[in-house]
Amino acid sequence: MKDYIIETKSATKSYGPTLALGQVSIHVPRGSIYGLIGDNGAGKSTLLKLLAGHIFPTSGEILLFGRHGEQELQRCRRQMGAMVEQPGFFPGMSTEQMLEYCRIQKGVPGKGKVEETLKLTGIWEKRKTKCKDLSLGQKQRLGLAIAILGEPQLLILDEPINGLDPSGILEMRHFFHRLNQEKNITILLSSHILTELQHTASTFGFLHKGRLLEEISSDALQEKCTGYLTITVNDAETYAMLLERHSGEDSYKVLPDKSIQIADPQKEPEFYSQLAAGHGIPIRGLTQHHAPLEEYYMNLKQGRNR
């Protein structure tokens, strides 16, 4: 039986007649980085607010660290750091003062933790800057610094790379992997930058209009996102006949440049190169193309809409 650090059972949240989240059951394995994917209004922030205790479900159940019930959940949340939606700061405080205030509020021992955390999240140089004067990306870093104070076992992050430039996004990717692998922190994060989630997460959950469409591991997703294979040979017609005879492939086409494109190949790339070499057909190129995560998500949504 898998060890889930977060589990919801038919979690539902309604605001009057409006359904924000409908019977969502997610499973976040301990030690994973779980990527929550969905359009604006899909219910991502609502789900994260439920987990962080900012709002309460209309129905359904939430389990953290295997425990449930509101009193138990509140105790479990002491082991959790969260940054949901726009982080809130005292505008007149400096970055350093804001983090020191949060350290005291959280009861985290050691004044050195503020310096350590500011350096860890890449905002130490802005320690004397007032919160109101920070850029969007710097505010995201400060919000993340507050969330990881005290080294929680679980991090819940809503759009943590919003406002960061490409180098900042890459830094954050490495940072999340370090937290996950070196400190064994489980991370649940949402992002609209789906390609970045594909590089970061080990498990994915797809939300659409308040409903969970699918949960899938990164390995299984990689297999499903295999798009097509392009093979360039000297004799495309002969090779196409060999494909039908020896591999059973029927989802292929010969392109005008005489290369062959195989949609959703059923075998490893080595098979196709060995097939050509084994029949004396020189192979000039073989490229595997992966379908982007955005395309996979769009297909999931269209399937649900149909």
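The values are calculated or read from the model by the stated rules, or taken from the named source; none is laboratory data. Source: prediction; values computed, not measured. Methodologically, a virtual Cβ is constructed for each residue, glycine included, from the backbone with ideal geometry; neighbour enumeration extends over all protein chains shown. Heads up: the accessible areas ignore ligands, DNA and RNA and are worked out on the full protein's heavy atoms, side chains in. Shrake-Rupley method; radii C 1.70, N 1.55, O 1.52, S 1.80 Å.
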> Pick from Leu197, Leu179: which is farther than 22 Å from Lys119 by Cβ, open to solvent by less than 60 Å² (accessible area, probe 1.4 Å), touching a residue at least 12 places away in the same chain (Cβ under 8 Å) and not in a strand (DSSP E or B)?
Replying inline: Leu197
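Regarding Ser135, is this residue under 21 Å from Glu85 (Cα atoms), free of Cβ contacts under 8 Å to residues at least 60 places away in the same chain and either out of contact with any Pro (no Cβ under 8 Å at 6 or more places or on another chain) or of a type in the set (Phe, Trp, Tyr) (or both)? Spell out the reasoning first.
Values: under 21 Å from Glu85 (Cα atoms): yes; free of Cβ contacts under 8 Å to residues at least 60 places away in the same chain: yes; either out of contact with any Pro (no Cβ under 8 Å at 6 or more places or on another chain) or of a type in the set (Phe, Trp, Tyr) (or both): yes.
Criteria met by Ser135.
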>> Looking at the stretch 66-81 only, could you name the residues that are open to solvent by 100 Å² or more (accessible area, probe 1.4 Å) and in a helix (DSSP H, G or I)?
In response: Gln71, Arg75, Arg78
> Looking at the stretch 226-247, is at least one residue buried (at least 19 other Cβ atoms within 10 Å of the Cβ), in contact (Cβ under 8 Å) with a residue 40 or more places away in the chain and outside any strand (DSSP E or B)?
Replying inline: yes
> Among (1) touching a His at 6+ places or on another chain (Cβ under 7 Å); (2) in contact (Cβ under 8 Å) with a residue 40 or more places away in the chain, which single condition is Arg173 missing?
Replying inline: (2)
>> Tally up the residues in the stretch 254-271 that are open to solvent by 30 Å² or more (accessible area, probe 1.4 Å) and either out of contact with any strand residue (DSSP E or B) (no Cβ under 7 Å at 6 or more places or on another chain) or modelled with pLDDT of 80 or more (or both), please.
In response: 11
>> For the stretch 125-144, give me each residue that is surrounded by 17 or more Cβ atoms within 10 Å (Cβ to Cβ) and assigned to a helix (DSSP H, G or I).
In response: Lys126, Cys131, Gly137, Gln138, Lys139, Gln140, Arg141, Leu142, Gly143, Leu144
>> Scan the stretch 56-63 and tell me whether some residue there is over 20 Å from Glu151 (Cβ atoms), hydroxyl-bearing (Ser, Thr, Tyr), open to solvent by 40 Å² or more (accessible area, probe 1.4 Å) and under 24 Å from the mean Cα position of the chain (by Cα).
In response: no
> Quick one: would you say Lys13 is open to solvent by 20 Å² or more (accessible area, probe 1.4 Å), touching a residue at least 24 places away in the same chain (Cβ under 8 Å) and in contact with a helix residue (DSSP H, G or I) (Cβ under 6 Å, 6 or more places away or on another chain)?
Replying inline: yes
> Where residues in the stretch 82-124 are closer than 19 Å to Glu159 by Cα and open to solvent by 70 Å² or more (accessible area, probe 1.4 Å), which of them is modelled with the lowest pLDDT?
Replying inline: Gln86
> Which of the residues belonging to the stretch 123-172 are closer than 19 Å to Ile185 by Cα and among the small types (Gly, Ala, Ser)?
Replying inline: Gly143, Ala145, Ala147, Gly150
> What pairs come up if the first residue lies in the stretch 57-77 and is without any contact (Cβ under 8 Å) to a residue 24 or more places away in the chain and at positive phi, the second is open to solvent by 50 Å² or more (accessible area, probe 1.4 Å) and of a type in the set (Lys, Arg), and their beta carbons are under 8 Å apart, counting only those six or more places apart or on different chains?
Replying inline: none
> Of all the strands (runs of 3 or more DSSP E) wholly in the stretch 1-54, which have at least 1 residues that are more than 18 Å from Gly66 (Cβ to Cβ)?
Replying inline: 4-15, 18-24, 33-37
